[in-house]
Structures are given as C-alpha cells and as structure tokens.
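These notes concern the structure reproduced below.
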Amino acid sequence: MAYDFLLYGANGFVGRELAQQAVRQGLRPLLAGRNQAEVSTLAQSLGLDFRIFSLEETDKLRAALRECPLVLHCAGPYKYTYKPMVEACIQEGVHYLDITGEMPVYIAQQGYDHQAKERGVMILPAVGFDVVPTDCLALYLKEKLPTATHLQLAFSQKGPAGLPPGTAKTMIEMMPFGLKIRRDGKIIDAPDPGYSQEIDFGNRPRTAIRLNWGDVFTAYYTTGIPNIENFMAMPKATSRQAKIMGKLRPLFRFKPVRSLFQGIIKGGSTSDERAATQVYVWGKVWDDAGNHAEARLVGPEAGVVWTVRAALACIRHVLAGEVKPGYHTPAGVFGADLVLECEGVTRADA
C-alpha cells in the first residue's frame, strides 16, 4: 500500500504532533479529518497526501481505509466517534488503533471482538498515555507476582505542561460516568470517591486521589487481576477542588453545563513546557497471602510526548505483522516492555 496508516483527526493538537513525528521516523501516513484548511496545510508542510471527510461520509471513509493497513483514530470525544470508524475498519479489514482514555468506549469496543476476529481485524484502543504505561506496568507486576489479586496504579507530573485541549474536554464529557473501581472482577462506583493515599513515586511521597483511568477495564483484560484502582497525585489545593467538582457531578449530566466548562478550555502546552515536564507512574500488586510487588516508570510529558511515542511504537509493531485479531490491550499484544520502546522511559522496581 502507498501509506503506512490513516491518521484521522490529524489537525488536532495531538494529531499534528503525531503526523510530524511519524514523518521524522520515516513513516508515511495518509492524513484525514473534517477541516480542509487545517488538514491540507499540515499535509503540505510535511509533503503528505490527505483526504477530507466526516465520519458520517461512509463512502469516503471506507475509500480512505482501503488505502491503508491500519488507522490511528485521533478524533474525540470517542463516545461520539468510535462507532463509525470501528465498523468501517471491520468492513474493510483494516486494523483499528486509537488514543482514547474513555472507559465506556473500551467496554463498547470490546463488544466488536467476535466480528473483528471473523474479519481478521485487530481492535486496539488506548495506545497513548492512556493506557500504554499503566497497562505495561500492570502486566510487568503481574508477571512478577502471578498470584496477585489487587492492583493499584497512579501517576504524578512534575513540570508546567497542561492537558491537551481535547483531553481536557473529554474529561469533562466523562464527568457523568462517575468514579469507578474494579472489585471482585466487576466495575462498580467507587464507594469512597474522596479517598486519598500517600504514594511514593520515587522522587517524594505525594497525596494521590482516586481517578477514572482506563485500567479499571483494560488492566483486568490484560492481567486478570480482579481488584483495580487508579490514582493521580496533585497539590492539596487542587485535590480539594477536584473533590468539590465530584460533588457537582450530577450537574454534568446536562450537556449545556458540560459545554460551558469545555468552552473555557484554552490551547494546549508549548513545546518548551512539554520538554520541561516529567511524569512518574507507580504500580503495586499484592495477593491474599500478603506477597507484594511494586515498580515505577519515569517518562516524558504524558498528554502529547509520551502519547505520540507510545502510539508510534504500537504502529511499528502492527506494520511488522504483530497482529492478534479481535479486541486487545497494548500490553496484551506487545508485552510489558512495550513502554520501554518509548524514548526517555525508564522502569525500576520499588
């Protein structure tokens, strides 16, 4: 085929960086999206071809997919965009990858497992920071303690970079979903959403609060560990604000409220801010006998840099023929060391 992959949502904040880094790595994506001015300008600057269509334009979507062996879907919020893309990929026999962190989307995508297997298509969501680092760390810990029954994962950031605009808007879109944990194999509402604990990320202990992260679904799929929780460290003032927002969660069921908060989100971080930012990921497992294992990752800024490096690592594996038809998780297909293929990432036992 003329192209290595279809990059849909190429003009987004993360999509632009993905396109640029893909070219630097010698890959040739076909860029696509709805905004002709932005997509065409990006394509011309990189010497790439492009296609313009919305996901509702099924014929154009399927025609673009026929030119590529896989798609990296970067247009969210995915609860609105995953369905037409996944279904078109299955119809055309094209492997599907995305960078979503939306747990309800993972659950819905898993429902296509049988159809995808019949067509020889791999459905591989969450190939960005959501959830490659934590998924790989979960599998690494499971391999160290095969009897593990409990898993905790957390991350912390040091530096000035903020969230990409699309990620921030998606987090607001996810507010009505509420905080989830996995207990005895089942996803449930967190009984104590305000719970926090001290976690040593290797640089210093920090207070971390509960977080809705995809591992509550994906890490169970990867490891089979039946009890899973996610946390994020933040300053105490921000933690208090997050708890207040949690109490206001019922209001976010209403789209005008979500739109109001999404409307005040500004542009994303600069390249200098991302370069000055470091992210710490922590994980711990234990079993009913009291055995435990703990490990950490240190890596670059998460929302753009680590996401781009992780996604391109997954793409290289798929292009090399490492494919498992059906629904899968990144570590489940490519192993616990996948994350170490991302430049600037180190792993250590705690």
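The values are calculated or read from the model by the stated rules, or taken from the named source; none is laboratory data. Because the structure is a prediction, the values reported are computed rather than measured. Glycine also receives a Cβ, built like all others from the backbone with ideal geometry; neighbour counts cover every protein chain displayed.
Table for the structure above
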quantity: Failed item, numbered, when E102 is tested on (1) touching a Gly at 6+ places or on another chain (Cβ under 9 Å); (2) farther than 21 Å from L297 by Cβ; (3) modelled with pLDDT of 95 or more; calculated: (3)
quantity: Residue match in region 179-189 (condition: at pLDDT below 90 and touching a strand residue (DSSP E or B) at 6+ places or on another chain (Cβ under 6 Å)); calculated: yes
quantity: Options I90, I107: the member that is over 29 Å from R258 (Cα atoms) and touching a residue at least 24 places away in the same chain (Cβ under 8 Å); calculated: I90
quantity: Residues within region 115-151 that are crowded, with 21+ Cβ neighbours inside 10 Å and outside any loop (DSSP other than H, G, I, E, B), tallied; calculated: 18
quantity: Of the criteria (1) touching a helix residue (DSSP H, G or I) at 6+ places or on another chain (Cβ under 6 Å); (2) outside the structural domain of Q25 (by TED's automatic domain parsing); (3) part of a loop (DSSP other than H, G, I, E, B), which one K324 fails; calculated: (2)
quantity: Filtered residues of region 78-107 (kept if part of a loop (DSSP other than H, G, I, E, B) and buried (at least 20 other Cβ atoms within 10 Å of the Cβ)); calculated: V94, I99, T100, G101, E102
quantity: Residue match in region 43-56 (condition: touching a Gly at 6+ places or on another chain (Cβ under 6 Å), farther than 24 Å from H114 by Cα and not in a loop (DSSP other than H, G, I, E, B)); calculated: no
